[in-house]
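Read-outs throughout are calculated quantities, based only on the coordinates presented, and are distinct from any laboratory measurement. A quick note: this is a predicted structure, and the numbers were derived from the prediction, not measured. Quick reminder, even Gly has a Cβ in these numbers, built from the backbone with ideal geometry, and neighbours come from all protein chains shown.
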Amino acid sequence: MTTGIDRATLQWYVDSALAKLLARADELDEAGGAELLCRRPDVEGANSVYALVVHCCGVMERWGGETIAGRSISRDRAAEFTATGTLEQLEAIVAAQRQRWVEDLADFEAGAAPRGPDGWEDGDPQPITQGFVVLHVIEELFQHLGHVDLSVDLVRGR
């Protein structure tokens, strides 16, 4: 299924998503600083741009660190959605997570089984491979980029 996907190509997609997420965060920061960056849109269940980007880092940590690399992680998923801070803090979080991601995928083998727990459900493809897990992370990053795009528009009143 994913044996033809190389790490450099996958990294390009991850880096592209992270750059786009940070560009939208920067747009809010320029328009109103941390107050806008951390503001939840006035829609039930919506999350701030800051929280969504922090959550994306949590996704990378969970699936890259724990599932692919087999590294023991500590994650407070609920806290990701209430996280607040400045653009500079967010950029540091993203940079640190990107570095961990690169390290976690140092021995990446697209067709190999993950080294840690998978957490998949019935109906997911079998067998689960490291390549499948990375594609799942990319799917999540771009899905949340869409959430960020909507959140920016709502917070800016567009």
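Within the range 125-154, residues that are within 27 Å of Asp107 (Cα to Cα) reach partners that are charged (D, E, K, R) with beta carbons closer than 6 Å, at six or more positions or on different chains, in the pairs Ile128/Asp118; Gln130/Glu109.
When the residues of the range 88-145 are filtered to those that are basic (Lys, Arg) and within 16 Å of Gln11 (Cβ to Cβ), which remaining residue is surrounded by the fewest Cβ atoms within 10 Å (Cβ to Cβ)?
Initial filter on the range 88-145 (basic (Lys, Arg)): 98, 100, 115.
Those left that are additionally within 16 Å of Gln11 (Cβ to Cβ): 98, 100.
On the way: Arg98: 16, Arg100: 18.
The extreme case among them is Arg98.
For the subset of the range 14-65 comprising residues that are touching an Asp or Glu at 6+ places or on another chain (Cβ under 6 Å) and under 13 Å from Gln89 (Cβ atoms), which member is surrounded by the fewest Cβ atoms within 10 Å (Cβ to Cβ)?
In the first step, residues of the range 14-65 are kept if they are touching an Asp or Glu at 6+ places or on another chain (Cβ under 6 Å); the result is 37, 54-55, 58-59, 64-65.
Now narrow it down to the ones that are under 13 Å from Gln89 (Cβ atoms): 37, 54.
Working: Leu37: 28, Val54: 23.
Here the answer is Val54.
Pick from the range 66-80 the residues that are buried (at least 16 other Cβ atoms within 10 Å of the Cβ) and out of contact with any Asp or Glu (no Cβ under 8 Å at 6 or more places or on another chain): which of them is farthest from Arg7 (Cα to Cα)? Restricting to residues being buried (at least 16 other Cβ atoms within 10 Å of the Cβ) and out of contact with any Asp or Glu (no Cβ under 8 Å at 6 or more places or on another chain), the top hit is Glu80. Only a single item in (1) under 26 Å from Val133 (Cβ atoms); (2) in contact (Cβ under 8 Å) with a residue 60 or more places away in the chain is not met by Ala31, and it is number (1).
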